[in-house]
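Reviewing the structure listed below.
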Amino acid sequence: MFEELVETLETHNFGVRAYELFAQQCYQSAQVQTDHAVFFLTLSVFAERFVNQYEESPLTITVADAQKEKILGMIQKMEKALHKDSTARIELLNTVSRDIMNG
Amino acid sequence: MNLSFPSQETISEITAKMLLEIEAVRFRIDEPFRFTSGWASPVYIDCRKLISYPRIRQTIMGFAAATILRNIGFESIDAVAGGETAGIPFAAWLADRLMLPMQYVRKKPKGFGRTAQIEGDLKKDTKILLVEDLTTDGRSKILFCNALRTAGAIVSHTFVIFYYNIFSQTNRLLADNNLDMLYLATWWDVLSVSKKLKYFDNKSIEEVEIFLNNPIEWSAAHGGASEYPELT
């Protein structure tokens, strides 16, 4: 479900612009795939926070790589959760949301 | 308006010196930076630091006014527009110096309509100079310029304090969009002054020079972009 989003990040080399486009794409996907809107919205919030933090500040390769690992891990967990029951999905979304809020 | 018109060479050298003096320039070869467009780079510049140094910013604005008047003309611009965020203070000082109205352009539209991305009064067919702090690959200039043109402005020129001048596609991108860019200094000026005044160690200077001569190859070898991204 998230292949195109990952492709956007890869095409734009996980730079700030990649996350900006990724967030826009998440909003569009949330409007189309309404049953999974919350997953897309959560990912867009995560990406936008990164954009706000680094669009006008120096971003080192180390920080960029750490963000890349985080978002790809998040997407992988979401992909798996799609095959689980609603309790497991909510649990994952709560965990991811807490992670986002804690930076 | 009290202006002098030093040569472009002098302007570039003094601008580079000022940027180095306030440590707006960073060379980092062990842990490179990743630019917005995904390029890996050993260099970073923060022109926003200039706003905190009154003697420097006044000199920079004098250079900017001289460069603009010399290259565009004294009566050929009707207004100055700053690009959000870093372009706004420089556009304000420049508008004041050139005795011209000012607007600023948002990164994203706020609300709807022709002028949703513009703040300040803007009449149709106003000849606007777009001002930003720097140009890396030229992408943001096009986005801001398009917003101004959509709002009815005529935009033929953009001014930046610093231009990377290392990505060959930038000039083509600007030319394709009928945009002429003026600037005060480039990485080549910073490199030259850094060498002369020994601001950085030899190893850093050598590596930076390799990057400046072949940024795409250097970026690819350090985990960054390996080709020019599409304008999206």
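What the table below lists for this structure:
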| quantity | calculated |
| --- | --- |
| Residue pairs meeting the criteria (Cβ under 9 Å; at least 6 apart or on separate chains; first more than 12 Å from chain B (Cβ to nearest Cβ), in segment A:38-56; second among the hydroxyl-bearing types (Ser, Thr, Tyr) and open to solvent by 50 Å² or more (accessible area, probe 1.4 Å)) | A:Phe40/A:Tyr27; A:Leu41/A:Tyr27; A:Ser44/A:Tyr27 |
| Unmet requirement for B:Lys141, which otherwise passes all of (1) open to solvent by 50 Å² or more (accessible area, probe 1.4 Å); (2) not in a loop (DSSP other than H, G, I, E, B) | (1) |
| Failed criterion for A:Lys84 (all others in (1) more than 12 Å from chain B (Cβ to nearest Cβ); (2) assigned to a helix (DSSP H, G or I); (3) among the basic types (Lys, Arg) hold) | (2) |
| All helices (runs of 4 or more DSSP H) inside segment B:1-108 with 2 or more residues being within 13 Å of another protein chain (Cβ to nearest Cβ) | B:87-98 |
| Output for segment B:74-106, where each listed residue is more than 16 Å from the chain's Cα centre (by Cα) and closer than 18 Å to B:Arg48 by Cα | B:Ala95, B:Arg106 |
| Filtered residue count, segment A:59-81, keeping only those that are at the interface with chain B (Cβ under 10 Å from one of its Cβ atoms) and exposed (fewer than 15 other Cβ atoms within 10 Å of the Cβ) | 2 |
| Unmet criterion (only one of (1) in contact with a Leu (Cβ under 7 Å, 6 or more places away or on another chain); (2) surrounded by fewer than 23 Cβ atoms within 10 Å (Cβ to Cβ)) for B:Leu148 | (2) |
| Neighbours by Cβ (under 6 Å, 6+ apart or cross-chain): first from segment A:1-25, at the interface with chain B (Cβ under 8 Å from one of its Cβ atoms) and under 16 Å from B:Gly38 (Cβ atoms); second open to solvent by 30 Å² or more (accessible area, probe 1.4 Å) and part of a helix (DSSP H, G or I) | A:Phe14/A:Lys68; A:Val16/A:Tyr54 |
| Residues that are closer than 20 Å to B:Thr67 by Cβ and either more than 15 Å from the chain's Cα centre (by Cα) or without any contact (Cβ under 8 Å) to a residue 12 or more places away in the chain (or both), drawn from segment B:122-153 | B:Lys127, B:Ile128 |
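The values are calculated or read from the model by the stated rules, or taken from the named source; none is laboratory data. Since we're looking at a predicted model, the values are computed, not measured. Here Cβ is always computed from backbone atoms with ideal geometry, including for glycine, and neighbour counts include all displayed protein chains. The accessibility values were calculated without ligands, DNA or RNA, using every heavy atom of the protein model including side chains. Shrake-Rupley method; radii C 1.70, N 1.55, O 1.52, S 1.80 Å.
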